[in-house]
Every structure is written in C-alpha cells, then in structure tokens.
Amino acid sequence: MRKSEHQINATAIKLSQAQIWFLASRPKTLLAAVVPVIIGTSVASYSGKLDLLPAIVSLICSILIQTGTNFVNDLYDFYSGADRKDRVGPLRVVSNGLVSPETMKLAIYLVFGLSFLLGMYLVYNAGWFILFIGILSILAGYAYTAGPYPLAYNGLGDIFVFIFFGFIGTVGTFYVQALEITPFAIWASVPAGALITNILVVNNYRDIKQDKLSGKNTLAVKFGETFSRIQYLGFMFVSYMVPVIVFFTFKNNLLIFLPFLSLPLAIRLIKMIFSLKGKDLNKTLELTAKLSAIYGTLFSIGILL
C-alpha cells in the first residue's frame, strides 16, 4: 500500500484507541487460546491433579501469545503486501493507518514479554521443560508470519496451529498441573487442534484468490479449493471420533458424548464451506470459532462429570 492510501484509510476510519486495539487483538480468534486450556484442565481434574493457579496462568499466557501472534500477523502482512485493498477479511489496523508499524512492534514486545514473565511462574511450578515450551510458543507465534521463512506463507500454518493449539496447548496445560503426560491428555488434545485448525482452513479458503496474488502459499493456494473442503471435513470427522475412542479406552461414561450436541452446527458448517466462497465465508469463519468453543466446553464437561 502506498503512503497516500495508508493515510487516506487512517482518516476515513474513526475509532477510539480502545476499539483499535480490540480490533487488532482479533477477539473472535481468542477462543482458540481458551479451548485447549479448558480441555487440559478438565483432564487434570478428572485425573485428580487439578491445580487452579497454574491453570489460570496458563490461560492468561495462552491468550497473550495468541494476541501477540495476531499483532505480528497484522504487522507483517502489511510489510509483505498481503493486506490488499480488495481484502475480504476483517479490518487490519496497520494497513489502514490506525496503528503505526513502530507502535505495533512495541505492542508485540510488550505482549510477548508479559507472557514470558508470567510463564516463569509455570517454570517454577513445573520445571525447565516448560521454559522450552514457552519460548518455542513465542517464537512460533512470531515465525507464523515473520522471519526469513514465515510459516503461514509456506503452507506450514495448519501444522503449526494443530500442534500448538492441540498438543502443546492442551497437554501443556495438563502437564503444569499434573507434572506428567498421559495418553488421555494426548487424545483429548486432538479435537482442540483439529477444530481450531479448521478456523485457519476457512480463513485460507476464503482468501485463496488474494493470497495467490500476494504470494502467500497456504495449503489452500498450493492444493486448491477441493483440498480445503476435504481438509475441513476430515478435521470435523476426527473431532467427533475422539469421544468414541475416549469412551472405549479411558472413560466408559455416556456423558463423554456431550460434544455430539454440537453436531447440528458442525453439519451446517460443512454445508456452508461446500457452498460458499469469498466474503460469504466470514460467517462460516465466525461460527467455526464458536464451534471449537462449544465443543471444547461440552467435551470438558463430559470429562469432568
């Protein structure tokens, strides 16, 4: 974006500072930071290892890292030119001149720095292994769209999201309370990773035309629309198979099937991604994030009861 366009956008949008930073944090995506923590904590409680303070700190750190990742994404999509004028997604604050690149850099340092400081309590509580996980999570949040080989620009974003919002987010939350890793915790992390990755799948499927023009090689760009639809369907299927596996392997209680109450929404979303394109998918994106939260809550209740 040329400087004059940047300035025009800045003057055309009238928002308070609080509204601007609220938009920059992308609040709808922050559900993705909450789901792994509540599932991991529910497994810890079921195992008799619930420890509320580490769970709360884990939640705060998770939200901060997700926020920092969103800030990095906003800034470096602006630098790379990925935030085009014909963008169909939500408003980006740097490309619209609402926040300067220098201010956004400072915000990134502050948010990631605060998550690191709070994370030191988890290191004290659970050992140096958590320090490694915390640093890796912050670096991954930065490398998602920044650095010499941005993950989101090279088709690795989906893998990153599945690992960090699934295994690391869920099992890590369980570990800081239980100080161990169990097969149950690992299986419980799968639907968290799958459903949160589906948020990215919708996002990349929606933006496929703009991303092609910007040189952003997501999996949707690499393999096409049909692949994205099948990927979305596959993650849905895996997510609803996990309660079946948990029922027969770990917890022989019908309440573990509570996530199936969200199945009508899942079916609606599958129909939407097979029939909609472009900006019409914005609602699909929002509902996919809500599905991850609804499923995660129901799954956690089923584990706890």
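The values are calculated or read from the model by the stated rules, or taken from the named source; none is laboratory data. Just so you know, these numbers come straight off a predicted model, no measurement behind them. All Cβ positions, glycine included, derive from the backbone under ideal geometry; neighbour counts span all protein chains shown.
When Glu102 is tested against the conditions (1) closer than 28 Å to Phe167 by Cβ; (2) without any contact (Cβ under 8 Å) to a residue 12 or more places away in the chain; (3) not small (Gly, Ala, Ser), the lone failure is (1). Per the listing Phe71, Phe116, the residue uniquely over 25 Å from Pro183 (Cα atoms), modelled with pLDDT of 90 or more, surrounded by 21 or more Cβ atoms within 10 Å (Cβ to Cβ) and not polar (S, T, N, Q) is Phe71. Can you pull out the residues in region 181-195 that are without any contact (Cβ under 8 Å) to a residue 60 or more places away in the chain and over 15 Å from Phe235 (Cα atoms)? Selection gives Ile181, Ile186. Can you tell me which residue among Lys271, Lys209 is in contact with a helix residue (DSSP H, G or I) (Cβ under 9 Å, 6 or more places away or on another chain) and either more than 22 Å from Ala188 (Cα to Cα) or among the basic types (Lys, Arg) (or both)? The match here is Lys209. From the list Ala33, Ala107, Ala82, Ala55, the one residue that fits, being under 15 Å from the mean Cα position of the chain (by Cα) and either modelled with pLDDT under 95 or surrounded by fewer than 24 Cβ atoms within 10 Å (Cβ to Cβ) (or both), is Ala33.
The single condition among (1) of a type in the set (Gly, Ala, Ser); (2) part of a helix (DSSP H, G or I); (3) without any contact (Cβ under 8 Å) to a residue 60 or more places away in the chain that Ala289 does not meet is (3). Could you say whether any residue in region 213-225 is of a type in the set (S, T, N, Q), at pLDDT 95 or above and surrounded by fewer than 21 Cβ atoms within 10 Å (Cβ to Cβ)? No, region 213-225 contains no residue that is of a type in the set (S, T, N, Q), at pLDDT 95 or above and surrounded by fewer than 21 Cβ atoms within 10 Å (Cβ to Cβ).
Considering only residues that are surrounded by fewer than 18 Cβ atoms within 10 Å (Cβ to Cβ) and either charged (D, E, K, R) or assigned to a helix (DSSP H, G or I) (or both), which ones fall in region 143-162? Ile159 - this is the single residue of region 143-162 that is surrounded by fewer than 18 Cβ atoms within 10 Å (Cβ to Cβ) and either charged (D, E, K, R) or assigned to a helix (DSSP H, G or I) (or both). Only one entry of Leu265, Leu261, Leu233 meets the criterion of being over 22 Å from the mean Cα position of the chain (by Cα) and either modelled with pLDDT of 95 or more or among the small types (Gly, Ala, Ser) (or both), and that entry is Leu261. If you go through region 196-209 one residue at a time, do you hit one that is surrounded by 14 or more Cβ atoms within 10 Å (Cβ to Cβ), free of Cβ contacts under 8 Å to residues at least 24 places away in the same chain and not polar (S, T, N, Q)? Yes, because at least one residue in region 196-209 is surrounded by 14 or more Cβ atoms within 10 Å (Cβ to Cβ), free of Cβ contacts under 8 Å to residues at least 24 places away in the same chain and not polar (S, T, N, Q).
If I filter region 148-160 for residues that are acidic (Asp, Glu) and in contact (Cβ under 8 Å) with a residue 60 or more places away in the chain, do I get at least one hit? Checking region 148-160: at least one residue is acidic (Asp, Glu) and in contact (Cβ under 8 Å) with a residue 60 or more places away in the chain. Name the residues in region 183-195 that are surrounded by 24 or more Cβ atoms within 10 Å (Cβ to Cβ) and either not in a helix (DSSP H, G or I) or not aliphatic (A, V, I, L, M) (or both), would you? Correct list: Ser189, Pro191, Gly193.
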